[in-house]
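Notes to accompany the following structure.
The values are calculated or read from the model by the stated rules, or taken from the named source; none is laboratory data. Remember, it's a predicted structure, so these values are computed and weren't measured experimentally. Neighbour counts run over all protein chains shown; Cβ positions are idealised from the backbone, glycine included. Accessible surface areas use protein heavy atoms only, side chains included; no ligands, DNA or RNA. Shrake-Rupley method; radii C 1.70, N 1.55, O 1.52, S 1.80 Å.
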Amino acid sequence: MGYAHEYAAAVMRRGRVPMEPADFVPDWADRPRKGKYYPGAERLPLPDGPAAPGASVQRGLFGPRGQGGFTLPLLGGMLRDSYGLTGRRLAVQANSDLGSLPFATHANFSRGTASGGGLYPIGIHWVCGPSGPFTPGVYHYATGHHAMERLLTGDVSGEVRAALGRAPSQEGDGWETDQFLVLGVKFWQNAFKYNSFSYHVVAMDIGALLETWRIWARAHGLHIGAALWFDEPRLTRLLGMAPEEEGVFAVVPLRWQHGRPAAAARAGAVPAEVRVHAVDQERSRTVLDFETVRRVHAATLAGASDRPAPGVLAQGLGRVPPFPPDAAAGSADLRLPAPQPLTAGVRTALRARRSSFGRFTAEPPMSAAQLATALAAAATAARLDTDAEGGTPQGPDGPPLTRLYVFVNHVTGIAPGAYAYLPGGDRAALRQVGSGAPGAFLQRTYFLANYNLEQAAAVIAVAAPAGAVLDAVGDRGLRLVNAAVGACSQALYTATAAARLACGVALGFDCVSYAEELGLTERGEVPMLIMMVGQEHRSPADFDHRIA
């Protein structure tokens, strides 16, 4: 049993046994930037991309897999709508940073993708080969400028292909492209606040960003899949990263319109001295590292190139007790109404997305159809289209990585209580696993003061058989299961924005109590995230200045 098991267990127990260092206090005055800064780097502006009329959230979540190819406007649009800055927000809400937000140094800028603590630690690099629109090389996406910063000139796409190895579920090596988005994480950008807990958070952030891209791409007739298993040290060297301070968590191959796959296939690996030499400038005067983060990162690096064989993950998940669990005595499954169509455009929904800190209200209650819509959207992210699932480049396979449980507070036609969600499109249902109003339990087991969980119409718990995943694919499976949970949150955020519902996501709850309340302890499922949905106060004190 590897260290990832130990880390996952410590995360689950942290509501009762604090993770070390238990006395850590963030130095907010010395916080790092939300993104890398390369002084003097040449910036190439990106287009905002089209607001395609048919690119709806409905198509992005539930539509068929796209077959089209990316162009520069499409890539620019996807990056802007996902991780680019789109506006500055000020609102009266229940977060502890409310008093500082009016100051320029603490300005809160909105983005389409959610991030734990609003920290946005992911660095997006574009490895552009000869078939792309820019000079071949390595570029860094500067989120504040919506531009690409050139870090290296020359075709190194073959090095990425070599690091990826053989593609899953395909003859040959299968990576027929010379365009790649590479997602890295600089740990200090999150660890300055969350210390040892940060690895858990950033792995979910990766899933949230991948899910945004997947929704956006499918809505525009494209497809996004991700590789999580590859020669990570090789890519950290290529990108000039300090391996003890940063990690490469995902590689996304891009099918480029009118690309030259034959030319891409001929591109080979590069000499070891060919790498990014530009160094980002750190804002923090004092940078700390944490032994727990070092150990779990080392554990996920072991076997990074050993992609699980087809079917291995499915076999591991097959050992988990069958879902759904048994119903509560005397109850029958409750058939849900058909989900409502989400006709809003993806760009509109992503730019409207926000967290409803402390602004939930029980009146009016949410309808059962609205709850069905939210649950159906979150369930679409139960498979992530990764190489471990057989999802790159041919598609997902096997059982879902996540399951959804619902605490109902204020939903018309559904009695308060705890339920397991049984997905099934128009035949979806709820199976009751606990009765009685859950409001007191929800608030008692929440650590922070920024949400009144009883006022939310429903609280959705995302659970995953984390132990079974780690047993099946090794310690690197920690990144996979956390990414799947993060993807669920982004799918829900996007859908609720399209449906004009309030939404919030939180990690500060007692996982052990949730597992006991839902009867998951013996099932090997771990509640990893809670997501609140419902109605928001109709006349909030709010300011939203759009910059995109």
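Summary of computed values
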quantity: Residue count, the range 45-76 (criterion: under 11 Å from residue 215 (Cα atoms), more than 20 Å from the chain's Cα centre (by Cα) and aliphatic (A, V, I, L, M)); calculated: 1
quantity: Filter pass, residue 99 being at pLDDT below 95, of a type outside the set (Lys, Arg), surrounded by fewer than 19 Cβ atoms within 10 Å (Cβ to Cβ) and on the phi > 0 side of the Ramachandran plot; calculated: no
quantity: Residue count, the range 19-30 (criterion: over 26 Å from residue 301 (Cβ atoms), assigned to a loop (DSSP other than H, G, I, E, B) and open to solvent by 50 Å² or more (accessible area, probe 1.4 Å)); calculated: 4
quantity: Residue under evaluation residue 434, criteria (1) in a strand (DSSP E or B); (2) modelled with pLDDT of 95 or more, criterion not met; calculated: (2)
quantity: Residue that is least open to solvent (accessible area, probe 1.4 Å) [pool: residues in the range 155-177 that are in a loop (DSSP other than H, G, I, E, B) and at pLDDT 95 or above]; calculated: 156
quantity: Filter result (more than 25 Å from residue 276 (Cβ to Cβ) and not polar (S, T, N, Q)) within the range 32-56; calculated: 48, 49, 50, 51, 52, 53, 54, 55
quantity: Within the range 81-96, tally of residues that are modelled with pLDDT under 75 and open to solvent by less than 60 Å² (accessible area, probe 1.4 Å); calculated: 4
quantity: Qualifying residue in the range 429-449 (condition: open to solvent by less than 50 Å² (accessible area, probe 1.4 Å) and under 20 Å from residue 340 (Cα atoms)); calculated: yes
quantity: The range 306-325: number of residues that are modelled with pLDDT of 85 or more, part of a loop (DSSP other than H, G, I, E, B) and open to solvent by less than 90 Å² (accessible area, probe 1.4 Å); calculated: 7
quantity: Unique match (being in contact (Cβ under 8 Å) with a residue 12 or more places away in the chain and in contact with a Lys or Arg (Cβ under 7 Å, 6 or more places away or on another chain)) among 132, 112; calculated: 112
quantity: Single match in 16, 33 (criterion: open to solvent by 30 Å² or more (accessible area, probe 1.4 Å) and within 25 Å of the chain's Cα centre (by Cα)); calculated: 33
quantity: Failed criterion for residue 4 (all others in (1) closer than 30 Å to residue 526 by Cβ; (2) in a loop (DSSP other than H, G, I, E, B); (3) in contact (Cβ under 8 Å) with a residue 40 or more places away in the chain hold); calculated: (2)
quantity: Residue list for the range 218-235, restricted to those being among the small types (Gly, Ala, Ser) and within 15 Å of residue 386 (Cα to Cα); calculated: 225, 226, 227
quantity: Residue match in the range 138-153 (condition: of a type in the set (D, E, K, R), within 18 Å of residue 250 (Cβ to Cβ) and open to solvent by 10 Å² or more (accessible area, probe 1.4 Å)); calculated: no
quantity: Residues of the range 277-297 satisfying the condition of being surrounded by 15 or more Cβ atoms within 10 Å (Cβ to Cβ) and polar (S, T, N, Q); calculated: 284, 292
quantity: Options 538, 500, 523: the member that is at pLDDT below 95 and surrounded by fewer than 16 Cβ atoms within 10 Å (Cβ to Cβ); calculated: 538
quantity: When residues of the range 326-369 are limited to those that are in a helix (DSSP H, G or I) and within 23 Å of the chain's Cα centre (by Cα), the one surrounded by the fewest Cβ atoms within 10 Å (Cβ to Cβ); calculated: 348
quantity: The range 340-355 residues that are on the phi < 0 side of the Ramachandran plot, paired with ones that are open to solvent by 50 Å² or more (accessible area, probe 1.4 Å) (beta carbon under 6 Å, 6 or more apart); calculated: 341/58; 342/58; 347/51
quantity: Meets criteria (in a helix (DSSP H, G or I) and either open to solvent by 10 Å² or more (accessible area, probe 1.4 Å) or more than 26 Å from residue 313 (Cα to Cα) (or both)) for residue 515; calculated: no
quantity: Residue 59 vs. criteria open to solvent by 40 Å² or more (accessible area, probe 1.4 Å), touching a residue at least 40 places away in the same chain (Cβ under 8 Å) and within 26 Å of residue 279 (Cβ to Cβ); calculated: no
quantity: Residue in the range 404-413 that is over 22 Å from residue 504 (Cα atoms), surrounded by fewer than 24 Cβ atoms within 10 Å (Cβ to Cβ) and of a type outside the set (D, E, K, R) present; calculated: yes
